[in-house]
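Visitor: Below you will find the structure I want to go over with you.
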Amino acid sequence: MGERGTTGGKAIRTGAAALAALCLSLLMAATASAATPVAPYDGQNPFRCKTQNVGTGTSFPDPGADPFCVEFDKRSQNVTDLGIVDFLSKEPARVAAASLKCFYHQTDHWTGSVVQGQPPELWHWDGRYFFDKAKAVGGVHLSNVRLGGVAIDPRVLPGFPMQLWPYFGPGGGGVRLVNLGAAEPACAAKVDTPQEARRVYRQPPLY
């Protein structure tokens, strides 16, 4: 019991650190942008696309799609069966699949546990993220944020950016970064006519 409690405590701190790192990455992007760089974001997908749900894997039915919209199941981050190791081993492939896209939306579900499917739950959150290189915007939305099975306000995490406080609260929140620098010309060229824009973006436009 003591050993499991120690393992659980360390794992909860790991989950909290992952959330804090995500929020800090938002701050870094925001401070490199305009004076008013953020707006609320409710997690909706701005693109016309079929979501490719690949579960815990990385076998995308249509890896060449752009907009590229995906959903991952990251709820097997257990300790005893090394599920956390399997999860981490697949993250580079997921990042690589997205990195060259112009238009990207991701949905994922995170759960950490000592023993898969058994309490205690160490951490959980549901995430939605997007980027649009044609317009140099992106966003992050978190919901159902729990640590140790208890719903928390992400703003209590060490290092949570003060600039993002108005956009988060108990259980989650979201921000859209409205100026991430220069747009990528090759991506902008894909939506520079009304017909092309209607192919890529849902209506009415999110931004």
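What follows draws every value from the coordinates through simple rules; no lab data is involved. In this text, all values refer to a predicted model and were calculated from it rather than measured experimentally. All Cβ positions, glycine included, derive from the backbone under ideal geometry; neighbour counts span all protein chains shown.
Visitor: What is the dipole size for the range 30-185, taken about its Cα centre, with +1 at each Lys and Arg Cβ and -1 at each Asp and Glu Cβ, in debye to the nearest 20?
Guide: Approximately 300 debye in magnitude.
Visitor: Then there is this: Given labels modelled 7 Å from the Cα in the Cβ direction, how far is it in nm from Gln118 to Trp165?
Guide: Simple spin-label model gives 4.2 nm for this pair.
Visitor: From the phi of every residue in the range 198-203, what ³J(HN,Hα) in whole Hz does the Karplus formula 6.51 cos²θ - 1.76 cosθ + 1.60 yield, where θ is phi - 60° and glycine or proline is x?
Guide: 3J(HN,Hα) across the range 198-203, in whole Hz: 5, 5, 8, 9, 6, 10.
Visitor: Next question. Going by average Cβ neighbours within 10 Å, how do the peptides 136-149, 83-96 rank, with the highest at the top?
Guide: For the peptides 136-149, 83-96, the packing ranking is 136-149, 83-96.
Visitor: Around Glu71, which amide H atoms from residues at least 5 apart in sequence, or from another chain, sit under 5 Å from its own amide H, with H modelled in the peptide plane?
Guide: Gln52, Asn53, Val54, Thr107
Visitor: Please identify which residues in the range 136-179 have an amide N closer than 15 Å to a label point set 7 Å out from the Cα of Asp108, following the Cα→Cβ vector.
Guide: Answer for this model: 139-143.
Visitor: Sticking with this structure for a sec: Rounded to the nearest 0.05, what FRET efficiency do Lys50 and Ala182 give with R0 = 22 Å and r taken as the Cβ-Cβ distance? Could you check?
Guide: With a Förster radius of 22 Å, E is 0.15.
Visitor: For Val85 and Gln203, FRET efficiency with R0 = 41 Å and r from the beta-carbon atoms, rounded to 0.05?
Guide: The computed FRET efficiency comes out at 0.45.
Visitor: Determine the gain in length on full extension of the stretch Asp42-Glu71; use 0.36 nm per residue of separation and subtract their C-alpha separation, reporting nm with one decimal.
Guide: 8.8 nm
Visitor: Expressed in nm to one decimal, what extension gain is obtained for the pair Thr193 and Arg146 from 0.36 nm per residue of sequence separation less their Cα-Cα distance?
Guide: Length gained between Thr193 and Arg146: 12.6 nm.
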